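One structure below.
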Amino acid sequence: GAHKPAFAATVMEMVDAATAGVAFSANPLNSDLDEMLVDAGYGLGESVVDGSIVADRFVWDKVGGRLLESKVGSKAQEVRLAADGGVEVRRVGAERQAVRSLSDEQLRQLAALVAAVEGAYGRPMDTEWAYTEAGELRLLQARPVTTLHPLDE
């Protein structure tokens, strides 16, 4: 018989992020499954994803629950929600650029969230996340990591 077309619409809340970015549940730079790699910046995550800023980079030890590496990026701008419903690009002052965008506690919370996503899917995941101005951590999306290479025994 004839197949009727189906349609679905998803409506998602736009998160007004104070800090956002990407987190890989396995480090794609060295294929280490025990490390989480995080790139983060101020505002919406689009400036991290599109490369328009030099994001902060963190490497988190998932087994030991501690920060292994922290590199503060310049984060010269942030994209924020505008009052009219669009977005606006704001300059980030030098003093704020020099400050880490995530605390150790926020990284610990993010590691727990990313581990839960990895556990649910049963494989390393590439996630996008945001912290709101109120300090709430939100998972925005997740997809499998496709850039891991087996390590030599």
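The values are calculated or read from the model by the stated rules, or taken from the named source; none is laboratory data. Only a predicted model underlies this, so the values are computations on that prediction, with no experimental measurement involved. With ideal geometry, Cβ positions are generated from the backbone for all residues, glycine too; neighbour counts draw on all protein chains shown. These area figures cover heavy atoms from the full protein model, side chains too; ligands, DNA and RNA do not enter into them. Shrake-Rupley method; radii C 1.70, N 1.55, O 1.52, S 1.80 Å.
Give me the percent of accessible area attributable to carbon and sulfur for the chain, probe 1.4 angstrom. Don't skip to the end; give the middle numbers.
Details: 4800 of 9050 Å².
Of the solvent-accessible surface of the chain, carbon and sulfur hold 53 percent.
For the pair D50 and L81, what calculated FRET efficiency results from E = 1/(1 + (r/R0)^6), where r is the Cβ-Cβ distance and R0 = 25 Å, to the nearest 0.05?
Working: r = 17 Å, r/R0 = 0.67.
The pair L81/D50 has a calculated efficiency of 0.90.
Just to check, using Stokes-Einstein with a Kirkwood Rh over alpha carbon pairs, what's the diffusion coefficient of the stretch 71-125 at 25 °C and 0.890 mPa s in µm²/s?
In µm²/s, the coefficient is 176.
Sorted by packing (mean other beta-carbon atoms within 10 Å per residue), highest first, where do 30-39, 115-124 land? Numbers along the way, then the final one.
Values: 30-39: 18.7, 115-124: 14.2.
Ranked from most to least packed, the peptides come out as 30-39, 115-124.
If one computes the Cα centroid of the stretch 91-138 and of the stretch 26-48, what distance in Å separates the two points?
With the stretch 91-138 and the stretch 26-48 each reduced to a Cα centre, they are spaced 9 Å.
Which residues does a label at V89 reach in the stretch 38-68, if reach means a backbone N under 11 Å from a point 7 Å past the Cα toward the Cβ?
Residues 47, 52-53 fall inside that zone.
Please compute the modelled spin-label separation between L33 and K71, points set 7 Å along Cα→Cβ, answer in nm with one decimal.
2.6 nm
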